[in-house]
Amino acid sequence: MFLFNYRYRLKCILRDRQLMFWTLLFPILLATLFNLALSNITTAEEFIKVPVAVVENDQLDANPAFTTALEGTDELFAVQYTTRAEAEALLNDNQISGYIVFEPDLNLVVNQSGLNQTIIRGFLDDFLQSSATIVTVITENPTALDNGIVAGVSSRSEYLTEVSASQSNPDPIVNYFYTLIAMTCLYGGFLGLKEVVAIQADLSDVGARINLAPTNKLTVFMSSMLAATTIQLAELLILLAFIIGVLGISFGNQLGYIALTCVIGSLTGVTFGAFIASVIKKGEGFLTGILIASTMTMCFLAGMMYADMKYIVTTKIPILAYLNPANLITDSFYALYYYTSHTQFFTDILLLCGFIIVFSAITYFVLRRQKYASL
Amino acid sequence: MVINVKNLVKRYGDLIALDHFNLEVQEGEILGLLGPNGSGKTTAINCILSLLKYDKGTIEIFDQPMSPDAYDIKRDVGIVMQNVAVFEELTVYENIDYFCGLYIADRQTRKKRVAEAIDFVGLNDFIKFFPKKLSGGLLRRLNIACGIAHQPKLIILDEPTVAVDPQSRNNILEGIQKLNRQGATIIYTSHYMEEVEQIASRIAIMDKGKIIAMGTNEELKKKIKSGEHINLELLNPEDLDLEAIKALPHIISAELTDHQLVVKSGRDKNNLIAILDHLKDQNIAIGKIYSEPPTLNDVFLEITGKELRD
Ligand SMILES: Nc1ncnc2c1ncn2[C@@H]1O[C@H](COP(=O)(O)OP(=O)(O)OP(=O)(O)O)[C@@H](O)[C@H]1O
Ligand SMILES: [Mg+2]
């Protein structure tokens, strides 16, 4: 039964031309367009490094580890060493995105929030995290220094250098492809929606037939959802292969994490579509409309059309950023892209898993009801 | 008993779609469920099948209480719904195979049953067609095949001939009788009395969520007062005294439209001679004369006071 239904559902999805267009062809077309439109930009002007100033004072001299760490990121930052007054002036003239000063704690001074500021903060967070480890190790075990235990941690500069070097060169174009992949993940909603419609007697006539058959509806549904997820992952694989193989965009060695994000993102998309179809009792056209509208709103708030939107939401209404699956997907890509540690990445992934569970649970409770109040 | 429904009540908000609906169906019969649009036929079927929640009543199929997970009952029931329910993305063959597969897991058996169903509805030339490419009649036949391929003991057909041309309609009706001869019990809903008269061994007439009369075609017609309809074509109708005709004994009604006089008389009281005498006295020339037996419409009209078809 499970396999029987699975095979037929694969057929039904693959033969649904409109669905295949939106979930496969459309993202590929967009990727091609992005590539055409953006290829000139990168060749003409390199990735613009984040301009940042570091205030020279005694505390800075006392922290040579920081200077070394910073030097290891010359791909990312254009650093100037200045006095505090000069840094302030540069910031006011918008010559730099922010300046870093030890007084005596590490401080970041900015006058607006945006992508560049987040990049600097990400670097500082990384640095503080590992220097905090050093401090703890040293206070708790003073002999550690002599024993070389700290060597691994204190060779911070190496660690950072290695990571940044192994990461793909910062390339703003990649971001457009990340958002595109996030959108494609959420378009998996169309597939989830189709499966719920096909099985609910109050949403489709074939649904009534399935409800009348001597089979467990939830078994049929699980197999349908598996078929939807299979197709969705295959589509993402094709999209990734196209972006990497045909368009020649490199995602560096983050591919494993990108794949994980794609799987989790796809599940979020598919279960979101199923959730919409199970809670709203309207025709398929209306449901599709709702799905497109909500997906687009989420993508907009995640900065897909207007990049600064993401930062406005994150700073003004942070809760909204965490409640927006589209934002979580793009955010996990950003985290991969800008941060050397994966804390942010896994936070996003965990939150997405939360959404998957909530969407699935609600869908389950609706589908479990066996009789309909009206057809 | 194949189906036993007692006191079924179903409300949609304030509307009472089924009002203490009772139905008994015996093995081997073709029960015609006849009722005008909106009388509750589909609602009754969907409740019986445990698709719809209902407010009151008990439903037994094959002498067992029906419920959504009564799989033993469901295995032996086939449904042809009022709306065509097939997947647009699957071919004729695949559709039948899919729905049959929900009942029959064994591939060999299924293959045989699907082939038989295709033969039965005569879709052999169309097995690779997608539903979009089928004409209305062919689509209805596919809908039927999907419902009966697993060879159920009880087949419920909800207006399977809506929007089908007379030729296909006859094919379908003959097919249903054939299924019945092969041993299936049939429930057939329709708002066409001719269809029901043609195939049903027993007829239940429904109105406003209730069965208002039940019996064989003859039994139903015996229940009412009126007998045959006498149709007379009058050449000079302007000379007719309609009231005088109505005043004749045993005449229930008399109506004149243009040249056509329709007289309904009481059952078994053939008044043709009296009418003819009367017309002769009035010097009215007569063209054609013919008489029709009463129809189910008369039954419906007499019980409810309104026409079955409006
Ligand atoms: N989902 C619903 N919500 C509200 N009222 C409904 C619903 N479905 C049916 N009804 C009402 O219930 C009554 C019975 O409808 P039903 O479809 O059972 O009639 P029917 O005899 O099958 O008619 P038809 O010959 O047109 O198919 C009608 O008055 C209809 O308007
Ligand atoms: Mg109906």
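Observations
- The A:Gln370 and A:Gln18 beta-carbon pair, evaluated with R₀ = 25 Å, returns a calculated FRET efficiency of approximately 0.20.
- Computed over chain B with a Gaussian network model linking Cα atoms closer than 10 Å, the most mobile of B:Ile186, B:Ile230, B:Ile211 is B:Ile230.
- Based on the Kirkwood approach, the hydrodynamic radius assigned to segment B:147-240 is 15.9 Å, with every pair of different Cα atoms included.
- Sites A:Thr347 and B:Asn124, calculated FRET efficiency, Cβ-Cβ separation with R0 51 Å, nearest 0.05: 0.25
- In this simple spin-label model, placing a label point 7 Å from the Cα along the Cα-to-Cβ direction at both B:Thr304 and B:Asn37 gives a separation of 1.3 nm.
- Extension gain, B:Val262 to B:Glu197, is 21.1 nm, computed as 0.36 nm per intervening residue step minus the present C-alpha separation.
- Residue of B:His20, B:His150, B:His191 that the Gaussian network model of chain B assigns the largest fluctuation, springs spanning Cα pairs under 10 Å: B:His20
- Based on the convex hull around the alpha carbon atoms, the protein assembly as shown presents an average projected area of 44.6 nm².
- Considering only B:Glu27, B:Glu88, B:Glu218, the mean-square fluctuation computed in a Gaussian network model of chain B, springs between alpha carbons under 10 angstrom, is largest for B:Glu88.
- Each Lys and Arg Cβ is given +1 and each Asp and Glu Cβ -1; about its Cα centre, segment B:3-221 then shows a dipole of about 380 debye.
- Charge dipole (segment B:193-310, unit charges on Cβ, about Cα centre) - positive-most of B:Ser291, B:Ala204, B:Ile230: B:Ala204
- A simple charge model with +1 on the Cβ of Lys and Arg, -1 on the Cβ of Asp and Glu and nothing else charged puts the dipole of segment B:226-293 at about 280 debye relative to its Cα centre.
- Inter-part distance where segment A:320-369 and segment B:92-162 are each reduced to a Cα centre, Å: 44
- Membrane-span-like helices in chain B, defined here as complete DSSP H runs extending at least 15 Å along the helix axis by their C-alpha atoms with mean Kyte-Doolittle hydropathy no lower than -1.0, are B:107-121, B:136-148; this is a sequence and geometry rule, not a statement about a membrane.
- Alpha-carbon centroids, segment A:53-97 and segment B:250-310: separation in whole Å: 108
- Square roots of 5 times each gyration tensor eigenvalue, C-alpha, segment B:3-221, largest first, Å: 28, 20, 16
- Hits among lysines - C-alpha to C-alpha of B:Lys221 under 24 Å, sequence gap 8 or more where chains match: B:Lys41, B:Lys208, B:Lys210, B:Lys246, B:Lys264, B:Lys269, B:Lys306
- Within the same chain, lysines fewer than 8 places from A:Lys194 are excluded, and of the rest, those with a Cα less than 18 Å from its Cα are A:Lys11, A:Lys217, A:Lys281, A:Lys282.
- Centroid-to-centroid separation of segment B:224-248 and segment B:1-65 [C-alpha atoms, Å]: 42
- Placing R0 at 60 angstrom, the Cβ-Cβ distance between B:Glu255 and B:Asp106 gives a FRET efficiency of 0.45 after rounding to 0.05.
We did not get these values from a lab; they are worked out from the coordinates using the rules stated. Since the structure is predicted, the reported quantities are computational estimates derived from the model, not experimental observations. Quick reminder, even Gly has a Cβ in these numbers, built from the backbone with ideal geometry, and neighbours come from all protein chains shown.
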